[in-house]
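Take a look at the structure below.
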Number of protein chains: 2
Amino acid sequence: MMKKYVFGIDVGGTTIKCGLFQTDGTLLEKWEIPTRTENDGDQILPDVAKTVLQKIEEKEIKKEEVAGVGIDLPGPVNEKGEISVAVNLNWGYKDIVGELGTALGGIPVQAANDANAAALGEMWAGGGRGTKNLIMVTLGTGVGGGIIIDGKIVAGAHGAGGEIGHACVDPAEKEACNCGNHGCLEQMASATGIVRLAKRYLADYSGKTLLNPERISAKSVYDALKAGDEAAAAIVEQVSQYLGNALAIFACVADPEVIVIGGGVSKAGQILIDGVKKYYQRDAFISCKDTPIVLAELANDAGIYGAAKLALDGAGSLEK
Amino acid sequence: MMKKYVFGIDVGGTTIKCGLFQTDGTLLEKWEIPTRTENDGDQILPDVAKTVLQKIEEKEIKKEEVAGVGIDLPGPVNEKGEISVAVNLNWGYKDIVGELGTALGGIPVQAANDANAAALGEMWAGGGRGTKNLIMVTLGTGVGGGIIIDGKIVAGAHGAGGEIGHACVDPAEKEACNCGNHGCLEQMASATGIVRLAKRYLADYSGKTLLNPERISAKSVYDALKAGDEAAAAIVEQVSQYLGNALAIFACVADPEVIVIGGGVSKAGQILIDGVKKYYQRDAFISCKDTPIVLAELANDAGIYGAAKLALDGAGSLEK
């Protein structure tokens with residue numbers, strides 16, 4: 001029977017976002033359910049199966065019309081669809097594809113890391129539309145990343161493909177990252193990292209500024225920059241240099257068609273891109289200096305799009 | 001007819017290395033011809049075709065038994081098998097697969113960058129045997145690199161996949177790299193880069209040392225280190241930190257199963273690996289800290305092995 005539908009499920013620490021798509025990429029409906037992390041999160045996958053099966057029934061969809069269910073999770077997922085740990089879900093090891101597939105009565109399941117799925121989503125329907133090779137960096141509370149080569153997620157040997165937030169961009173950094181290392185990109189270019197750099201800068205700054213060190217946020221830094229604030233400009237210069245240099249190094253590895261920047265911090269818009277581009281172009285290898293750096297377009301929906309695409313690709317490979 | 005043979009051709013600036021392999025990877029014979037770079041190198045591909053066809057005749061091989069000819073070249077080769085420029089061959093743009101395929105009377109041709117082919121060779125038959133995801137770094141006159149994901153070369157959108165020698169590891173570096181940028185890994189960890197760092201170090205060093213600034217080489221630095229020389233130890237520490245940190249960053253992108261280090265400098269042996277590993281493990285993301293870092297095993301044959309594997313993989317995809 002013709003496959004008409006595909007589901008994309010994006011599991012976060014508090015909410016599970018769900019999307020029902022046509023196989024051509026049209027988002028038909030999206031909804032959310034809470035993430036029940038109690039009891040080692042043992043209801044999370046059953047809840048996902050339940051909401052998908054309910055939607056199938058509600059829409060009078062035949063199971064055979066469903067190409068698959070893609071699901072992304074906040075943790076390292078390997079190529080077999082197993083996760084080793086997901087702190088925000090209170091999970092240790094779990095066989096996502098196996099457990100969810102069984103609960104769904106045999107509908108094919110594909111699983112990936114959430115940042116990787118977001119990259120795939122942006123490639124399918126967002127800032128990287130029309131490309132097959134992409135680096136995505138998500139500047140949120142942390143820095144996530146996803147690498148797409150030839151249309152496929154680079155999951156990595158330990159599920160750490162695209163873990164670019166933990167690229168060590170400044171080994172001399174004294175403060176430790178949450179991961180235990182020192183000088184991770186996440187400490188410089190995430191929302192919290194920008195605040196950290198801002199506070200450090202302002203502690204030694206005696207000039208006039210719109211920034212209040214007591215109530216600072218990444219948004220306030222970029223807002224002050226837009227208002228012509230000199231201290232904000234100097235802080236953003238630091239952030240841009242770290243991020244632009246790191247992206248130039250990543251491009252020497254993967255040489256993507258496009259670099260997509262998303263996450264809450266990217267709401268600052270083109271001014272963020274312009275800052276990063278300056279240092280990217282300074283440091284990138286000559287063949288890669290003109291690689292476009294663009295804003296993500298799918299915002300919080302990148303995950304469900306990417307998860308759905310993952311399921312579609314998996315269905316494609318099964319049908320071969 | 002059963003495909004029994006495959007050729008691997010490694011084109012360098014002075015010599016073309018050629019290998020006749022069985023399709024199981026056994027190297028039957030290897031030989032060299034000179035690289036004729038005069039007249040814009042217009043005889044290079046005809047010479048390759050000629051030597052391959054002669055070998056086929058000499059060995060009484062039927063053309064139908066040849067799975068293909070793989071060729072690697074010192075320049076950026078895209079996925080279609082076109083090269084945009086190869087300075088050492090006096091080449092501008094050339095359609096390698098088209099031209100060589102015609103000259104070979106239709107035997108299938110696959111082409112790749114030389115450093116990428118070396119990485120594939122080490123995966124097939126060298127230090128990365130048994131893996132499908134690998135980063136290779138070649139420390140020679142320059143620093144080359146190759147990234148293998150899921151058994152395939154990452155060629156990149158501009159043929160610059162794996163151009164890790166031009167990762168900008170020290171934007172504050174005053175001297176320029178051959179590529180025009182400042183602070184490339186190649187300026188720190190190639191044979192010439194190590195000499196550069198050594199001369200800089202010795203200029204400010206007043207202690208005793210085995211090293212003679214007038215006659216220094218990467219080999220002499222590592223030899224002095226093995227003899228307990230303090231200045232050599234300090235120089236190698238710098239090299240190791242640059243290279244170890246860079247590999248840790250690359251691993252955040254590709255998360256390989258193994259990192260292979262080859263090229264002339266790697267003849268220093270395990271002491272080089274030990275130095276790099278110290279800083280790699282300091283800076284690598286937690287999931288990747290134990291990724292093995294090993295010496296390449298195929299030396300100058302990595303290219304012909306990789307080129308042959310490329311032809312085999314191409315033949316496989318054609319037969320589908």
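The values are calculated or read from the model by the stated rules, or taken from the named source; none is laboratory data. The shown structure was predicted, so the numbers you read here are calculated from the model rather than taken from an experiment. As a convention, Cβ positions derive from the backbone with ideal geometry for all residues, glycine included, and neighbour counts pool all protein chains shown.
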Residue identified as part of a helix (DSSP H, G or I) and either at pLDDT below 95 or out of contact with any Gly (no Cβ under 9 Å at 6 or more places or on another chain) (or both) among A:Val221, A:Val236: A:Val221
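For B:Ala115, state whether it is more than 8 Å from every other protein chain (Cβ to nearest Cβ), free of Cβ contacts under 8 Å to residues at least 60 places away in the same chain, more than 22 Å from A:Lys278 (Cα to Cα) and of a type in the set (Gly, Ala, Ser).
yes
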Residue match in the range B:54-77 (condition: free of Cβ contacts under 8 Å to residues at least 24 places away in the same chain and closer than 24 Å to B:Ile153 by Cα): no
Residue in the range A:135-152 that is over 18 Å from B:Val253 (Cα atoms) and not assigned by TED's automatic domain parsing to the domain that holds A:Leu312 present: yes
Failed item, numbered, when B:Ile286 is tested on (1) buried (at least 24 other Cβ atoms within 10 Å of the Cβ); (2) at pLDDT below 95: (1)
Test for A:Ala86: is it within 21 Å of the chain's Cα centre (by Cα), among the small types (Gly, Ala, Ser) and more than 22 Å from A:Ile148 (Cα to Cα): yes
Residue under evaluation A:Ile147, criteria (1) in contact with a Ser or Thr (Cβ under 8 Å, 6 or more places away or on another chain); (2) part of a strand (DSSP E or B); (3) facing another protein chain (nearest Cβ under 10 Å), criterion not met: (1)
Every residue from the range B:247-266 that is more than 15 Å from the chain's Cα centre (by Cα), surrounded by 24 or more Cβ atoms within 10 Å (Cβ to Cβ) and among the hydrophobic types (A, V, I, L, M, F, W, C): B:Leu247, B:Ala248, B:Ile249, B:Phe250, B:Ala251, B:Cys252, B:Val253, B:Ala254
Test result for B:Ala112, closer than 14 Å to B:Ile304 by Cα and small (Gly, Ala, Ser): yes
Residues of the range A:3-15 satisfying the condition of being in contact with a strand residue (DSSP E or B) (Cβ under 6 Å, 6 or more places away or on another chain) and either on the phi > 0 side of the Ramachandran plot or in contact (Cβ under 8 Å) with a residue 24 or more places away in the chain (or both): A:Lys3, A:Tyr5, A:Val6, A:Phe7, A:Gly8, A:Ile9, A:Asp10, A:Val11
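Working only within the range A:180-190, note down all residues that are out of contact with any strand residue (DSSP E or B) (no Cβ under 7 Å at 6 or more places or on another chain) and buried (at least 17 other Cβ atoms within 10 Å of the Cβ).
Hits for the range A:180-190 are A:Gln187, A:Met188.
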Some residue of the range B:16-36 being crowded, with 17+ Cβ neighbours inside 10 Å, free of Cβ contacts under 8 Å to residues at least 60 places away in the same chain, within 21 Å of the chain's Cα centre (by Cα) and in a loop (DSSP other than H, G, I, E, B): yes
Residue that is modelled with the lowest pLDDT, among those in the range B:159-176 that are part of a loop (DSSP other than H, G, I, E, B) and buried (at least 22 other Cβ atoms within 10 Å of the Cβ): B:Gly159
